[in-house]
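The values are calculated or read from the model by the stated rules, or taken from the named source; none is laboratory data. Predicted model only: the values in this text are computed from it and were never measured. Neighbour counts are summed over all protein chains in view; Cβ atoms, including those assigned to glycine, are modelled from backbone coordinates with ideal geometry. Only protein heavy atoms, including side chains, enter the accessible area calculation; ligands, DNA and RNA are left aside. Shrake-Rupley method; radii C 1.70, N 1.55, O 1.52, S 1.80 Å.
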Amino acid sequence: MLAPATAEVARVDATAKAGCAELPMGGVGSTLLTGGTATIAGTERRRIVRVGARATALGRDVASATIRAACKAPGVDYMLLAVAANDAACPVQYQVVEARGAAPLRLSRRFGSCVDGATARLADGGVVVTMPAGPARPETIAYRYAAGRLEAVAAVQPPRPPVVVQVVKQDRRGFRVTAWTAPPACAAIARAEPGVPADVYLADLRRTWPRDWQTRGRLGDQPFETAALRSLVTDLSCLSALPGGESVVIETARPLFASRRHGRAAFEQLDEVARGSTVDPAIRAAARQLHAQMRFRIDDPRLR
């Protein structure tokens, strides 16, 4: 969510075809809107949504808001907003902004399951927003917005991530060498992998993490090339940034970072990701956080 006085700008791509674009974490990126630059500005309790010269105010109880998706349809643009009010029981809800021609902006009522991770797609003459289960609703739900009307619809079950690939072979000394390819968690961070809840990625991490990497003793027999280790810690950083992901990643990957043979190299590669000028800012931030938390876990004997 945005800081209380932070303005948010979504750049315009007027040449894009009809469809929806999920925006990266923080909501800043290129939208598909044609009606002008989309922004959220103002201070806490005085948030304003603006598209070009048109603007509309959010509720007086809104603490922060961010743009999660932008959709372009014939004659109309939509934005999906994630809105946080001062309600600890429901930290996030959603609203759709409709920008149709030169008409004033239209804002839907708030809706959602009180959890993050909603995605948007064009369907049935409007925009359909799908979100994972949450405290308000125990199942995956979806809402359709069109021409000022919002209604609950049957949710399409989210696709599962691609099958994780594990390869086991022998090196020249006869040791088993295990390779692991993570689900596209970095795509999930950038909201480019629609409809896959965080708990699916994290469950797959627990299920597919190689047995040979679960203890420092076995890890000592596993060789890691620098490029492979860099890719591995990048995927772990992305997974750690998903809701509830940090504790799962630390629990799962701690033997790797505590390994006498590979621990220092793993931290060095994680630091490279955190500092990489060509790395997505959201992934850099996730790598910095994971580096700090993993180092604390490894260095504190009480937590081993």
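Assorted remarks:
- If the condition is being at pLDDT 85 or above, among the small types (Gly, Ala, Ser) and in contact with a strand residue (DSSP E or B) (Cβ under 6 Å, 6 or more places away or on another chain), then the stretch 29-62 contributes Ala55, Ala57.
- Qualifying residue in the stretch 223-236 (condition: on the phi > 0 side of the Ramachandran plot and part of a loop (DSSP other than H, G, I, E, B)): no
- Total residues in the stretch 239-251, condition modelled with pLDDT of 90 or more and open to solvent by less than 20 Å² (accessible area, probe 1.4 Å): 3
- Among the candidates Thr178, Thr226, Thr208, Thr215, the residue that is outside the structural domain of Tyr143 (by the TED database) and modelled with pLDDT under 80 is uniquely Thr178.
- Selection from the stretch 85-102 of residues that are β-branched (Val, Ile, Thr) and farther than 21 Å from Gly75 by Cβ: Val92
- Here Ala70 clears all of (1) surrounded by 15 or more Cβ atoms within 10 Å (Cβ to Cβ); (2) in a loop (DSSP other than H, G, I, E, B) except the condition numbered (2).
- Of all residues in the stretch 79-124, those being touching an Asp or Glu at 6+ places or on another chain (Cβ under 6 Å) and open to solvent by less than 20 Å² (accessible area, probe 1.4 Å) number 2.
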